[in-house]
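Accompanying notes for the structure given below.
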Amino acid sequence: MKLTFAEPKLPSKDAIVVSVAAGGTLGASGKALDKTTKGAVSRAVGHDGFSGKAGETRMLFAPTGLEEATILLLGFGEGKALDALAARKAGANAWQALIAAKAGAATLMVDGITGCKLSLAELAANLAFGARLRSYRFDRYLTKEPADKKPSLEKLAVMVKGGAAARKAYAPLEAVADGVDVTRDLVSEPGNIVYPKTLADECRKLSKLGVKVEVLNEKQLEKLGMGALLGVGQGSARESHLVVMQWSGAAKSKKPVALVGKGVTFDTGGISIKPSAGMEEMKWDMGGAGAVVGTMHALAARKAKANVVGVVGLVENMPSGTAQRPGDIVTTMSGQTIEVLNTDAEGRLVLADALWYAQDRFKPQVMIDLATLTGAIMVALGFENAGLFANDDKLAQNLIAAGETTGEAVWRMPLGEVYDKQLDGGPADMANISSGRWGGAITAAQLLQRFTNKVPWAHLDIAGTAWSNKPKPLMAKGATGFGVQLLDRFVQDNYEG
Ligand code: BES
Ligand code: MN
Ligand code: ZN
């Protein structure tokens, strides 16, 4: 879909999208359209319960005076509730209604609305951003799909007073949307296409945007002493990698924000093998790494004024003659030892070394990891919130705030000594699973905390949010790209001042 911005000029053909505010209030272009169509717009308002509530849409096909056009009335609701996120959702609704009507080209007329705190340019840019986010589709393997099954919309022209300002406001949002789509692509790809080396190759592409990318191989990881990460990958025919991505958008003296991602490109469970039903879902067990790569893309593409480093641990967890056994004891880069009681609790082993490496090398101001870490977080929070664990209240608050503004919600979970103790008691410094059955997302987080070296740290368990089996307001079903908008906002609000 090609998106453009221009000064308002009522078209006479194709689809025309116009907003209707709560109570059926029309803006300037709504009134102009009403005149051209001899009252068709105002007649439709109030008809069949359409009153301009947020989320409502109505289609008027070939109305009098505009016989070659389709009008889409787009409910905006109350002006005071129309913030950036609501505007994004409205833009996504417009996209969906246009696809349903098989529109090939559309013009979105942006009118100001009373009570709305967004400038016209921001309103237009966020409407466009929402449409763009909703339009993602992973269809590269559908070789026989008929053209009429593909989304029809090829062109969306956003018309607004001060079109240039809107285009300028959209530029950083487009960078974020590109980052989100990078993550969605990586997460959607199957394990035979995205594996440690190919994922590392995708990371390398960030160098075009000015990101410094280093790819470490198994020999280098051995030298660093990353026995936990390497143990997970040792059953796979694919070589394990650790990728380091550095974006330097601020003064050298500024310590970076570190983002660390779990990149298990396929998780069979290893020798503690998973049941076969649903195992294909474990192709997206690299969702944390995917989110880090997408965020680095977004930050670099919009030239964020912050120093951010991304570290992703890339491994494939397979059962084989060389695979790690239950009971194996591995030595981590930190020197601490871990008894691997369950080879399916592998994400924490990868992160133990990746987190230690990130804090040891970069001495970050804060460190945030993202991981599809536990089924238990889905039991606790379902699919609507990622689990947030943090050893620092300010950091937790900042992440919660970024979640609220972007709609990528996070919910804080507890950490504590009583949970931590559940990893003790075996022949190594800790076991990789807890002695009890309950609170599995928490005990997993406790293990991670032992590798943070007291740096301000947060862990996001995104097992319930990286993938969605049903569409959400801003996305089709499938890979959500969760984390990119959240982290981009978090960096923008706290580290670019
Ligand atoms: N990758 C899984 C967690 C997961 C499950 C993510 C379902 C997304 C959807 C993780 O590696 C895992 O297997 N965790 C185990 C831990 C257990 C063995 C302690 C789990 O949650 O069952
Ligand atoms: Mn697992
Ligand atoms: Zn896993």
Cβ crowding within 10 Å averaged over residues, with 153-166, 226-239 ranked highest first: 226-239, 153-166
Please work out how much length the chain gains when fully extended from V418 to W438, using 0.36 nm per residue of separation minus the C-alpha to C-alpha distance, in nm with one decimal. 5.9 nm
Per the C-alpha gyration tensor (a ≥ b ≥ c, the square roots of its eigenvalues), region 414-458 is rounded if a/c is under 1.5, else prolate if a/b beats b/c, else oblate; here it's oblate
Compute the acute angle (0 to 90°) between the alpha-carbon long axis of helix 440-449 and the principal axis of greatest extent of the alpha-carbon atoms of the chain; round to the nearest 10°. 70 degrees
Any idea of the accessible area per residue across the chain, 1.4 Å probe, to the nearest Å²? 41 Å²
Restricting to Cα pairs below 8 Å that are 6+ residues apart, what does the relative contact order work out to for the chain? Please round to a whole percent. 15 percent
Rounded to whole Å, give me the distance from the Cα center of region 324-346 to that of region 440-469. 18 Å
Hey, any idea what % of the chain's accessible area is carbon plus sulfur with a 1.4 Å probe? 54 percent
Degrees between helix 163-188 axis and first principal axis of the chain (Cα, 0 to 90, nearest 10): 40 degrees
Shape call for the chain from the C-alpha gyration tensor, a ≥ b ≥ c root eigenvalues: rounded (a/c under 1.5), prolate (a/b greater than b/c) or oblate? prolate
Going through K102/K477; K2/K38; K31/K150; K219/K252; K102/K472 one by one, the pairs whose alpha carbons sit over 27 Å apart turn out to be K2/K38; K31/K150; K219/K252
Counting DSSP beta bridges with both ends in the chain, the antiparallel % (nearest 5): 40 percent
Classify region 188-259: rounded, prolate or oblate, from the alpha-carbon gyration tensor (a ≥ b ≥ c, eigenvalue square roots; a/c under 1.5 rounded; otherwise prolate if a/b is larger than b/c)? oblate
Interchain or sequence-distant (5+) residues whose placed amide H lies within less than 5 Å of the amide H of W457 are M367, N391, D392
Anchor K89: aspartates and glutamates whose Cα lies under 12 Å away (excluding residues fewer than 8 positions away in-chain): E56
Nearest 10 degrees, 0 to 90: helix 347-362 Cα axis against the chain principal axis: 90 degrees
What aspartates and glutamates could a cross-link reach from K9, if we take a straight Cα to Cα line under 13 Å and drop same-chain neighbours fewer than 8 places away? D111
Residue by residue through region 294-310, the couplings from Karplus 6.51 cos²θ - 1.76 cosθ + 1.60 with θ = phi - 60°, in Hz, x for Gly and Pro, are x, 5, 4, 4, 4, 4, 5, 5, 9, 6, 4, 8, 8, 9, 9, 10, x
Quick check on packing: order 364-372, 488-496, 70-78, 400-408 by the mean number of other C-beta atoms within 10 Å, highest mean leading. 364-372, 70-78, 488-496, 400-408
List the aspartates and glutamates whose Cα sits under 18 Å from the Cα of K223, skipping any in the same chain fewer than 8 residues away. E214, E239, D353, D360
What percent does the relative contact order of region 40-102 come to when contacts are Cα pairs within less than 8 Å and at least six residues apart? 28 percent
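The values are calculated or read from the model by the stated rules, or taken from the named source; none is laboratory data. All of these numbers come straight from a predicted model, not from anything done at the bench. Neighbour counts run over all protein chains shown; Cβ positions are idealised from the backbone, glycine included. Accessible surface areas use protein heavy atoms only, side chains included; no ligands, DNA or RNA. Shrake-Rupley method; radii C 1.70, N 1.55, O 1.52, S 1.80 Å.
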